[in-house]
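Worksheet for the structure shown next.
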Amino acid sequence: MTDCLFCRIAAHEIPSRAVYEDARVYAFEDIAPQAPTHVLLVPKKHIGRIAEAGAGDSALIGELASRAAAIARERGLADYRLVLNNGEGAGQSVFHLHIHLLGGRRFSWPPG
Ligand code: 5GP
Ligand code: ZN
């Protein structure tokens, strides 16, 4: 038992709308979508934030990014944004590493 929200979602202890799952990665619909496509991709292993990832986590983080691209491709998205917030000041609110896949509308730059 853990009190980490995304560990519990990845373990299906808390319901979510699954998009993709394998032994190492879980992807699910964001509960408060900021775009027509808003999918979160998490490692099943707990890593609090990208700054806490170790050298041995490189392949896993690569899997998250390439899986995000695969989901975008499946949804017919040519343009999309991947976001990974590290730390409260950068907008991180859940302290289990996750990549946001956002698509289906235009995005401005720089981000807010
Ligand atoms: P962060 O701000 O940490 O980069 O992103 C956290 C994201 O998790 C937010 O977009 C928020 O809407 C989403 N979120 C928070 N709680 C839940 C939940 O219980 N279920 C789902 N599916 N998404 C959540
Ligand atoms: Zn966790």
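Brief remarks follow.
- For segment 1-111, fraction of C-alpha pairs farther apart than 23 Å, in %: 24 percent
- Ratio of Rg to Rh over segment 15-76 (Cα coordinates, Kirkwood Rh, two decimals): 0.97
- Label-point separation, E13 to D79 (7 Å along Cα→Cβ), nm: 4.2 nm
- Mean separation of Cα pairs under 8 Å and 6 or more residues apart, divided by the residue count, gives the chain a relative contact order of 30 percent.
- By the Cα gyration tensor, segment 1-50 has an equivalent ellipsoid whose semi-axes, rounded to whole angstrom, run 18, 12, 11 from largest to smallest.
- Residues of segment 57-93 with an amide N closer than 14 Å to a point placed 7 Å from the Cα of W109 along the Cα-to-Cβ direction: 79-83.
- Helix axis angle, 58-74 relative to the chain longest principal axis, alpha carbon, degrees: 40 degrees
- Per-residue extension of 0.36 nm, minus the Cα-Cα distance of A55 and Y20, leaves a gain of 10.1 nm for this segment.
- Neighbour counting of Cβ atoms within 10 Å sorts the residues V42, V83, fewest neighbours leading, into V83, V42.
- Computed from point charges on the beta carbon alone (+1 for Lys and Arg, -1 for Asp and Glu), the dipole magnitude for the chain about its Cα centre is near 280 Debye.
None of the figures in this text is laboratory data; all of them are computed from the coordinates on show. Given the structure is predicted, the values throughout are model-derived calculations rather than measurements. Note that each Cβ is placed from the backbone with ideal geometry, even for glycine, and that neighbours are counted across all protein chains shown.
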